[in-house]
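Enquirer: Can you read through this structure? Questions will come right after.
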Amino acid sequence: LIPIYFICLLWGGENRAKITFKFFVYTLAGSLFMLGGLIYLYLHTSGAHTFSIDALYAAGQSLDAVHQGYVFWAMFIAFAVKMPVFPFHTWQPDTYTVAPSQGTMLLSGIMLKMGTFGVIRWLLPLAPLGVERWGHLAITLAVIGIVYASCIAIVQKDFKRLIAYSSIAHVGLIAAGILSANIQGVQGSMIQMLSHGVNVVGLFFIVDILQKRFNTREIGFLGGIRNVNPQFAVFFLIILLGSVALPLTNGFIGEFLLLNGLYQHNAWMAAFAGLSVILGAVYMLRSYQSIMLGEVNDRTALFAPLETSEKAVLIIICAAIIVFGVFPKPLTDICSPAVDQLVGNIKIALGK
């Protein structure tokens with residue numbers, strides 16, 4: 001929180017002080033909910049009170065459904081702010097837009113995943129009865145956020161802000177998959193956490209390249225870049241296809257698994273969450289069409305060639321998208337043992 005705060009405050013764009021303060025307050029307030037939940041569990045540890053993780057797990061699982069519900073909401077609100085999930089998302093679009101590109105990459109690629117990791121590492125093991133009782137409501141919030149953010153992304157004119165709303169939709173999908181609390185949902189979400197991190201960093205890097213050359217992120221001011229630099233258009237297309245989860249890209253396997261897990265939990269929720277695939281293709285392909293295709297204008301005709309360092313970064317990102325899309329088994333093999341144990345422990349706690 002502190003490093004990102006200063007990155008945004010010192011090197012951010014217009015209105016950075018106000019927006020960064022909002023981000024700081026939101027995140028700190030969410031952390032207070034988690035602190036309250038941990039203190040509540042600390043007071044329920046057996047014997048000498050301790051903050052040992054195993055003792056906190058045991059304390060949480062020893063509570064009845066009502067008291068686990070308190071823990072569930074304390075933890076969920078904290079992580080929902082961090083991810084973010086609707087309706088705790090309002091800090092994110094402004095912060096992503098005003099932050100420098102490096103700060104946005106850290107926020108979206110790493111810091112955001114702390115929220116989803118927290119749900120897996122803390123929420124599910126601590127309050128399995130709470131997840132069973134309240135998980136459906138939390139999934140509903142996540143699905144609302146998916147559709148809401150996707151619809152808003154369609155009408156965005158600022159490409160960076162479009163990606164910010166796209167990120168809300170993707171993270172809502174990840175959160176819904178985790179809260180389905182079954183093997184496919186959790187495993188798919190874990191894989192998608194990695195895939196989204198790669199793809200969103202690639203998209204924000206594309207934005208940075210455009211902004212450096214044209215001093216604008218407005219989609220309507222661009223066009224025809226493929227005619228000037230077809231190599232850049234190919235890099236952009238590969239990253240975009242990974243983001244919309246095209247088969248044989250890294251975004252596909254995780255999204256397929258988590259939607260399958262969500263379908264096992266609730267078919268209607270899976271259907272609405274699946275709209276993210278359609279809506280995501282709409283706003284991403286439209287943005288590609290507007291930026292890369294069409295006629296070259298006076299601004300884009302001056303597109304400077306990619307630097308060697310920029311090519312290197314784009315090649316690494318595109319290679320990861322293709323390699324993990326074609327060969328996802330290493331990712332599933334890494335995730336499977338931990339997911340099997342986690343879901344198995346949840347079933348034992350629920351008496352299933």
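Enquirer: What are the residues in the range 132-190 that are among the basic types (Lys, Arg) and touching a Ser or Thr at 6+ places or on another chain (Cβ under 7 Å), if any?
Expert: Narrowing the range 132-190 to residues among the basic types (Lys, Arg): 133, 157, 160-161.
Lys160, Arg161, listed by residue number.
Enquirer: Could you please find all residues in the range 45-56 being in contact with a helix residue (DSSP H, G or I) (Cβ under 8 Å, 6 or more places away or on another chain) and surrounded by fewer than 17 Cβ atoms within 10 Å (Cβ to Cβ)?
Expert: Ser46, His49, Thr50, Phe51 - these are the residues of the range 45-56 that are in contact with a helix residue (DSSP H, G or I) (Cβ under 8 Å, 6 or more places away or on another chain) and surrounded by fewer than 17 Cβ atoms within 10 Å (Cβ to Cβ).
Enquirer: Something else: I'd like to check something: does the range 336-344 contain any residue that is in a helix (DSSP H, G or I) and under 20 Å from Leu222 (Cα atoms)?
Expert: Taking the range 336-344 first, the residues in a helix (DSSP H, G or I) are 336-344.
Subset that is under 20 Å from Leu222 (Cα atoms): none.
No, there is no match, as no residue in the range 336-344 is in a helix (DSSP H, G or I) and under 20 Å from Leu222 (Cα atoms).
Enquirer: Another question, if that's okay. Are any residues in the range 253-309 outside any helix (DSSP H, G or I), in contact (Cβ under 8 Å) with a residue 40 or more places away in the chain and surrounded by fewer than 15 Cβ atoms within 10 Å (Cβ to Cβ), and if so, which ones? Give the derivation first.
Expert: In the first step, residues of the range 253-309 are kept if they are outside any helix (DSSP H, G or I); the result is 266, 274, 293-299, 303-307.
Checking which are in contact (Cβ under 8 Å) with a residue 40 or more places away in the chain leaves us with 266, 293-297, 299, 303-306.
Leu293, Glu295, Asn297, Ala304, Pro305 - these are the residues of the range 253-309 that are outside any helix (DSSP H, G or I), in contact (Cβ under 8 Å) with a residue 40 or more places away in the chain and surrounded by fewer than 15 Cβ atoms within 10 Å (Cβ to Cβ).
Enquirer: Another question, if that's okay. Condition first: under 15 Å from Leu285 (Cα atoms) and not hydroxyl-bearing (Ser, Thr, Tyr). Now tell me which residues in the range 140-151 satisfy that. Steps first, answer last, please.
Expert: The initial filter retains those residues of the range 140-151 that are under 15 Å from Leu285 (Cα atoms), namely 150-151.
The one that is under 15 Å from Leu285 (Cα atoms) and not hydroxyl-bearing (Ser, Thr, Tyr): Cys151.
Enquirer: Evaluate the range 16-33: report whether one residue or more is in contact with a Ser or Thr (Cβ under 9 Å, 6 or more places away or on another chain), over 21 Å from Ala175 (Cβ atoms), touching a residue at least 12 places away in the same chain (Cβ under 8 Å) and surrounded by fewer than 20 Cβ atoms within 10 Å (Cβ to Cβ).
Expert: yes
Enquirer: Look at Val71 and say whether it is on the phi < 0 side of the Ramachandran plot, β-branched (Val, Ile, Thr) and more than 25 Å from the chain's Cα centre (by Cα). So that I can check it myself, show each step before the final result.
Expert: Values: on the phi < 0 side of the Ramachandran plot: yes; β-branched (Val, Ile, Thr): yes; more than 25 Å from the chain's Cα centre (by Cα): no.
No; evaluated as a whole, the condition is false for this residue.
Enquirer: Can you tell me which residue in the range 298-332 is nearest to Val234 (Cα to Cα), limited to those that are over 29 Å from the mean Cα position of the chain (by Cα) and of a type in the set (A, V, I, L, M)?
Expert: The residue in question is Ala304.
Enquirer: Looking at (1) over 14 Å from the mean Cα position of the chain (by Cα); (2) surrounded by 23 or more Cβ atoms within 10 Å (Cβ to Cβ), find the lone condition where Thr104 falls short.
Expert: Exception for Thr104: condition (1).
Enquirer: Against the condition farther than 24 Å from Pro100 by Cα and either among the hydrophobic types (A, V, I, L, M, F, W, C) or within 28 Å of the chain's Cα centre (by Cα) (or both), how does Ile39 come out, does it pass?
Expert: Yes: the conditions hold for Ile39.
Enquirer: Need the failing condition index for His136 against (1) assigned to a helix (DSSP H, G or I); (2) touching a helix residue (DSSP H, G or I) at 6+ places or on another chain (Cβ under 6 Å); (3) within 17 Å of Gln264 (Cα to Cα), just the number.
Expert: (2)
Every number in this text was worked out from the coordinates using simple rules, so none of it is lab data. The structure displayed is predicted, hence computed values, not measured ones. Backbone-built Cβ (ideal geometry, glycine too); neighbour counts: all protein chains shown.
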